[in-house]
Structures are given as C-alpha cells and as structure tokens.
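The values are calculated or read from the model by the stated rules, or taken from the named source; none is laboratory data. Since we're looking at a predicted model, the values are computed, not measured. Quick reminder, even Gly has a Cβ in these numbers, built from the backbone with ideal geometry, and neighbours come from all protein chains shown. Side chains included, ligands, DNA and RNA excluded: accessible areas come from the protein's heavy atoms. Shrake-Rupley method; radii C 1.70, N 1.55, O 1.52, S 1.80 Å.
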Amino acid sequence: MPTIQITGGRIIDPSQNLDQVGDLWISRGRILPSGGGNEEAEIVVDARGLIVCPGLIDVHVHLREPGNEEDETIATGAAAALAGGVTSVACMPNTIPPIDTQAAAEFVVLQGRRAKQANVFPVGAVSKGRKGEELAGLGQLVAGGAVAFTDDGSPVSNAGLMRRALEYSKMFDLVIMQHCQVMELTAGGVMNEGFESMRLGLGGMPAAAEDIMVARDIRLAEITGGRLHIQHISTARAVELVREGKRRGIRVTAEACPHHFSLTDERLRSFDSNYKMNPPLRTAEDVAAVIEGLKDGAIEILCTDHAPHAREKKMRELDQAPFGIVGLETLLPITVTHLIEPGHLSWSEAIRKMTINAANLLGLSKGTLRPGADADVTIIDPSTSWTIDASQFRSKSRNTPYDGWEVRGRAHTVVVHGEVRYTLGGIVQETPAGASPS
Amino acid sequence: MPPADAPGSDPAPTAWTRKHLLGLEDLSREEMTAVLDTAESFSEISKRSRKKVPALQGRIVFNLFFENSTRTRTSFSLAAKRLSADTQDFTASVSSLSKGETFIDTAKNIEAMGCDVMVVRHPTPGAPHLLSQHVSSSIINAGDGAHEHPTQGLLDLMTIRRAKGKIEGLTVALLGDIAHSRVARSNIWGLLKFGAKVILCGPPTLVPRSMERLGCEVAYRLEDVLPRCDVINVLRIQFERQQGGMFPSVGEYSQFYMMTQERVRKAKPDLLILAPGPINRGVELTPEVADGKHSAILDQVTNGLAVRMAVLYLVSGKMPAGE
C-alpha cells in the first residue's frame, strides 16, 4: 500500500469537529498523524479547493447478489459506491436466498473482498427466510460478518417477533433496522395515498401505514431497551415520533434518502416508474418535515436505499414495475444541491450524517480521520456543476429519477484501505516523492 | 361544421393540434369543444342509409384491449369503420402477453405492421401514456385503470349538452364508486372546465374527501343532493378494482344509493340520468329508472359512436377525404 499525501484540502471530519485546510497522510491502510511522520509520499493528491472527509458510509443499499445479478452484483454495486464517493456499504438481506445464515453473510463478505471496490458489510435478516415468523440465527449472522439486522424489503409485521428481535439483539449491541409499514394499509398501493393518488387513480399507501409502525416499534424499543433504527423515513408524523422518542431517551435512530427530501408525489403525474419507490414519494409537507428532521438531528443518517432494477423490469406498467431507484451515484450531488446549497445543512453536518453517525450505527471503526483509523477517505469537489447522466453509471441498472438533472458537488477521488480506488476521469495521479503537486 | 361525407372543410377543430388523446385533464375547454362540435357533425352519418365516409381510408386502427370491454371496443371499431379505416382487434388474453412478452413490445410489433392509431384500454393507470413514449402511432386512451376514460367523458358532455343545451351552470352529481372510477375522473375534468358544479356522492369509502381540492362538492347522503341536481351520472361499483370491504353489502349500498323512482321524484322534473354502463339493474338503478323518461343511457351509446369518430378523425391529422 502506497503512502499518500493529500495536500491543501479543506479537511472536514465531524468525528473530531475538524474543519480546516491542511494535508492528510495515509500509509499502510491507516491515517497517519498530522505531517505524516517520517513517511515519504508515493502518491500526492492535490486537494486545493476540494473537501477531504472520511469515506462516506451508506447504511442502506441493495446489491441483489445472490439471486438477481441482472440488476446488480456486489462488484458492480461496490463500484457504483466508489463513483458516488461511498467507501462502505451495508447491504440488505432481501436477496435470493436471503442473508439469514452465517454462510450467506460470509458469501457477501467474500464477494465484497473479491470485488476490491468499496467495503461491503452484510446486514442479516431478522427472521428466517425473511418470513417474519421465527428469529434468524442472529449470533451466527454476526459470526458471518453481519453488522445489523433487518427484514427490509418488508417490515417485521409481527409485534411479538419484533419485540424478541429487539431484546435478543442486545447481546450483540447491534441495531434492528425496520422498514416501517403496516402492510394491511398499503396492499395494492403504488404511490403515496392522497390527493395525487386520487387524481391519478393509482392505489395509495397512506402515511399512517408508516407512522403506526414507527410508533409501535419505538414503544417496543422502549420496553426492551433494544436499538431500533427507522429506515428510509418519509412522513412528517414519523419524524415527529422519532424526535419524541429520542427526547424520552429511547434508543431510536433514523435515516433519510435523497428522494424523500428532493421529490414529491406530484412527480407520479408522469406515470414514470422511476418515481415509484417504497416508502413512496410523499407530499411537500412531508419533504419539509424530513428536511427539518435532518436539520434538528431527529434524523442523523443520510443513505440511499440503492435499489437497482434492470431496465426491462422498470419498463413495465406502473403497477407491475418494481419499487425503488438506484442512489449510490446521486447521494452526494443531491445532498449538496438540496440540503447544503439551500442552507439546510452545513458541509460538516451533512458529512457527519454520512460518516461517523453511520459508522456508529453499524459499530464500524470507520467514519473518522483520526490517526490510526482505517484509511477510507473521500475527496469531494464541492463546487463543480454537472449533469447527471444515467448512461454513465457504474451501477448495472439505470433506474433513477435524476437523469439529466443539473447538480453541484461530486466525488473527486476515493481512497479505500489506503489505496486510491477511484478518481473522477479514472486517472490516478502519481507524483514522485519530493515533487510538488501540480 | 364539416360536410358529413367529406369532412375536408375542417369542422372547427382548429383548437385541436394533438397527436394523442390521453385524458381530459390535459385538454382545454376549446379542445373539448372542438371534439364535441366535430362529433355533432359526424352524428348525422349514423342516420344515413349508407353509414360510411372515406375520411380515414387507408389508415389502420388497432384496438389494443388489455382489459375486458364490449361497448367501448365495439364503439371504436364501428367508428373507425364508418370513417373507412381498416380496423384490427387485439385481445390480451389470447396474445403473446400470456407468453411473457411485455406490453410495450406487443405494441411495437403491432406498430411494425403499419398501425396508425392505437386505441388502448389497460387496467393500469398511465399505461397509454407509457405507450405514447415508445411508439410513434397516435394513442387514444380507451380507459386506463381508475385514471381516465376520456371518450366516455366527452360522450357524457355531448349527451348533457344535447339534452340541456348547455353545460355551464348545471349541477351534475356523480353517484357511486368515485374512488375507482375512470369515468368519474374524466367527467370531473370535463364538467369543471365547462363551468358545471360537480357533486360527488357515495359512501365515504368510495368518495375521497381529497376530491374537494379539485373544486368538487363531496356528499355522502343522496337525499341531500337530489333536489339540486340537473344531471346524475350513476357510476358502477368497480368490484374488480377494489380490495373489497368498501361497504358492508350490495344490499346496503343499494338501500342508500340506488336511483329509484321514489328518489327521482325528489329531484328536479327535468333531471337527466346518465350511466356509463354496464349498468347493474337493481344495484345502482332500478329498471324503471334505467328505462324511464329521465334516462339518457342509450343516447350516450349513440353519442359515443360520434365522439369516437371525431377523436379518431382529429388525432389522425384531419386527413382530407380520398387522400
């Protein structure tokens, strides 16, 4: 592993409350103390005008392998992550077969290592077969590398099982992530239930379906003392419930995805399946509440719910097309354009939600630039304006509503395990020791 | 008005510039008026002994029906034939869709056979819109799920306009299953743009309060609404589009919402009753009402043919006769 000197960048590391211009040194996969000690740089990255931060962590992605490799593989998903500035992903267990055994978790870890792109961490299923009936072997999943548990794709509907999961997972101090949705209220739904669904004649999924499950699970977290994480929060009331739960000292966290703070259900007027996701796009009031939750800390994590689907699947009629959009390559620019530039979040606040907060959620020793930490670093060009072009995605799928959007901010260079694994344009600039960076 | 045998003098449809008819939400009052005026001129053709004009000679109209239909498909077929177009029916249940082919690929194959106009009925809202982005034929929405049924909306407007001489200022109630009705949605857009007052009446599970935002009145008690109505459009319960359990029983629904002679007597003497069909006698309206003097149900069918001729003619680019 080369010794890398990243020079003249604006180093933002919320884990240390750090926001200053300086150099960052990396060697043998670790962050070096300031100045780099006695090391000599083999690679020098000129980061003047750029932001240098801990590698971004996405706690919620779907990589589709095994079972739906036509949509994405662990290798293509992890490459897409790098192109988006993401150095670690936690992948959901709704694969075929699901990640509900130690062997299945180990398969993900192995494929992630083979891909040698972003770090890939499996999230284990809460229940066997994700059927919501019996607890999966949570301890064995941990032994296989699982960093959290969820039945995502669907909720743990059975309140008794959810209670047991929250109780049992305390022995590992790992979090139960929940896709909050009362299925009886969303059956047949394609989009948010409300004025727009009524206008379009499309089946609706009421906000209350999310709110009720969030309320139930926060109460279960309270009585069990377990760690609850609300995935892809999308409604105003759910944000308020999380805020209230935190106030009462309950161990609850929440995440939000770019589509839930940048798009509303009015987009479905186009009948474009790239606006079909679950939870669905909500109203402008919900979008405002999600942004407010991000601002006041009720929502402490930004992630993608990266959900790749092959073109032929998304081309189907709206009720037959699958839910979800790809997100790894648009997380950063949509965050910059819709949260940072309008002044909702500072750079430091946004980066915190994609680094140390995410690392803490999953118990990873990442998300920081402290000396000795894993050398996962993202260098961001904060001011570049560009047009999102889905045809250029590294993801195997192209299902994005952001194709053609004019955005700001982009990953410039990405370092994983002390290796430069991505640079915009694909060029890694190597500068001989002693030479000045251009 | 065009001469009926050669509508080359351009029947006032200067307002019409569209290639497709996907819904009434997008249409202006002027565009709808253009269709209605054109339909009026075409309706004369049906009264002749030789019910055919060469307006669309050489054109191919495909009926792509991915959902069951009798009257709409027949009406479109007949309308196309009266304009001398070649017509071909496509039925999803006996097509390659059952072999796994996608809806879009099926349509592309049909287009490759030289189709000019696709009349599309589909159980999914937005399916005709999706198709319009993938094929170059003109698309006419013949009903997309619970979204819109624009030709039905237009024929209802035509029927009201003929019976009442106007639409503006009338009070029109849509009665029954509003939530799952594409007819309701097209009627609402059309009626509101023509300046009618629209009342939506039915049980709360079938009449969403959010419709008020469109400018409609929402009411749950038919008795409260009846005396104010100039027109009542009796909509069918869309059992095929419901999850079920929207009301306790058909009997209970009929008790509260079926149009009976007794209820008709509580309305204005010149009440006009429409029903898009298929009508369920004894559920949404009694046979006496369906066949009574207030009913315009069969007029709707007749007007539907003229409206569909007009729409086929207009989307086909007003091709002169004999071209």
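All of (1) part of a strand (DSSP E or B); (2) free of Cβ contacts under 8 Å to residues at least 60 places away in the same chain hold for A:Glu39 with one exception: (1).
The residues of the range A:107-147 that are of a type in the set (A, V, I, L, M, F, W, C), part of a helix (DSSP H, G or I) and open to solvent by less than 10 Å² (accessible area, probe 1.4 Å), listed by number, are A:Val108, A:Leu138, A:Leu141. Applying the condition of being more than 14 Å from the chain's Cα centre (by Cα) and β-branched (Val, Ile, Thr) to the range B:128-182 and asking which residue is farthest from B:Gly277 (Cα to Cα) yields B:Val135. Residues considered: A:Ala90, A:Ala104, A:Ala79, A:Ala75. Of these, the only one that is under 27 Å from A:Ala310 (Cα atoms), open to solvent by 30 Å² or more (accessible area, probe 1.4 Å) and outside any loop (DSSP other than H, G, I, E, B) is A:Ala75. Cβ-Cβ distances below 6 Å connect the following pairs, each with a first residue in the range B:189-200 that is under 15 Å from B:Arg213 (Cα atoms), a second residue that is at pLDDT below 95 and assigned to a helix (DSSP H, G or I), and a separation of six or more residues or different chains: B:Leu200/B:Met211. Scanning the range A:323-347 for residues that are open to solvent by 30 Å² or more (accessible area, probe 1.4 Å) and not in a helix (DSSP H, G or I) returns A:Phe323, A:Glu341, A:Pro342, A:Gly343, A:His344, A:Ser346.
Only residues that are within 14 Å of chain A (Cβ to nearest Cβ) and open to solvent by less than 40 Å² (accessible area, probe 1.4 Å) were counted in the range B:21-51, giving 3. The criterion of being without any contact (Cβ under 8 Å) to a residue 40 or more places away in the chain, of a type in the set (Lys, Arg) and either farther than 18 Å from B:His20 by Cβ or open to solvent by less than 50 Å² (accessible area, probe 1.4 Å) (or both) holds for B:Lys81. Return yes or no: is A:Ala207 over 14 Å from A:Asp100 (Cα atoms), within 14 Å of chain B (Cβ to nearest Cβ) and buried (at least 22 other Cβ atoms within 10 Å of the Cβ)? Taking the combined requirement at face value, the residue satisfies it. On the stretch given as the range A:357-390, residues that are open to solvent by less than 30 Å² (accessible area, probe 1.4 Å) and hydroxyl-bearing (Ser, Thr, Tyr) total 2. Among the residues of the range A:395-411, the ones that are over 15 Å from A:Leu332 (Cα atoms) and either open to solvent by 70 Å² or more (accessible area, probe 1.4 Å) or without any contact (Cβ under 8 Å) to a residue 60 or more places away in the chain (or both) come to 3 in all. For the range A:308-334, filtered to residues that are small (Gly, Ala, Ser) and under 17 Å from the mean Cα position of the chain (by Cα), the residue that is nearest to the other protein chains (Cβ to nearest Cβ) is A:Gly324. Taking the range A:185-194 as the range and being touching a residue at least 24 places away in the same chain (Cβ under 8 Å) and within 9 Å of another protein chain (Cβ to nearest Cβ) as the test, the residues that pass are A:Val190, A:Gly194. Applying the set (1) touching a strand residue (DSSP E or B) at 6+ places or on another chain (Cβ under 8 Å); (2) of a type in the set (A, V, I, L, M); (3) touching a residue at least 40 places away in the same chain (Cβ under 8 Å) to A:Val252 leaves exactly one unmet item: (3). Which one of these is of a type outside the set (Asp, Glu), away from chain A (no Cβ under 11 Å), in a loop (DSSP other than H, G, I, E, B) and under 22 Å from B:Leu155 (Cβ atoms): B:Gly195, B:Gly190? Unique residue meeting the criteria: B:Gly195. Mind checking whether some residue in the range A:25-40 is more than 22 Å from A:Ala146 (Cβ to Cβ), open to solvent by less than 10 Å² (accessible area, probe 1.4 Å) and hydroxyl-bearing (Ser, Thr, Tyr)? Yes, the range A:25-40 contains a residue that is more than 22 Å from A:Ala146 (Cβ to Cβ), open to solvent by less than 10 Å² (accessible area, probe 1.4 Å) and hydroxyl-bearing (Ser, Thr, Tyr). Among the candidates B:Ala39, B:Ala55, B:Ala15, the residue that is in contact (Cβ under 8 Å) with a residue 40 or more places away in the chain and over 16 Å from the mean Cα position of the chain (by Cα) is uniquely B:Ala55. When the range A:1-16 is filtered for residues that are under 19 Å from A:Ser365 (Cβ atoms) and surrounded by fewer than 18 Cβ atoms within 10 Å (Cβ to Cβ), the ones remaining, listed by number, are A:Met1, A:Gln16.
All of (1) open to solvent by 10 Å² or more (accessible area, probe 1.4 Å); (2) within 15 Å of A:Thr283 (Cβ to Cβ) hold for A:Gly201 with one exception: (2).
The residues listed here are A:Asp305, A:Asp286; of these, the one that is on the phi > 0 side of the Ramachandran plot, more than 12 Å from every other protein chain (Cβ to nearest Cβ) and open to solvent by 10 Å² or more (accessible area, probe 1.4 Å) is A:Asp305.
Determine whether the range B:233-248 contains at least one residue that is at pLDDT below 95 and among the small types (Gly, Ala, Ser). Yes, that holds for at least one residue. For the range A:87-133, a tally of residues being within 25 Å of A:Gly55 (Cα to Cα) and not basic (Lys, Arg) returns 24. Of everything in the range A:339-386 that is out of contact with any Cys (no Cβ under 6 Å at 6 or more places or on another chain), within 18 Å of A:Gly29 (Cα to Cα) and polar (S, T, N, Q), the residue that is modelled with the lowest pLDDT is A:Ser365.
How many of the residues making up the range A:258-280 are part of a helix (DSSP H, G or I) and touching a residue at least 40 places away in the same chain (Cβ under 8 Å)? The total comes to 12.
Of all residues in the range B:168-201, those satisfying the criterion of being aliphatic (A, V, I, L, M), open to solvent by less than 10 Å² (accessible area, probe 1.4 Å) and more than 16 Å from B:Arg228 (Cβ to Cβ) are B:Ile178, B:Ala184, B:Ile188.
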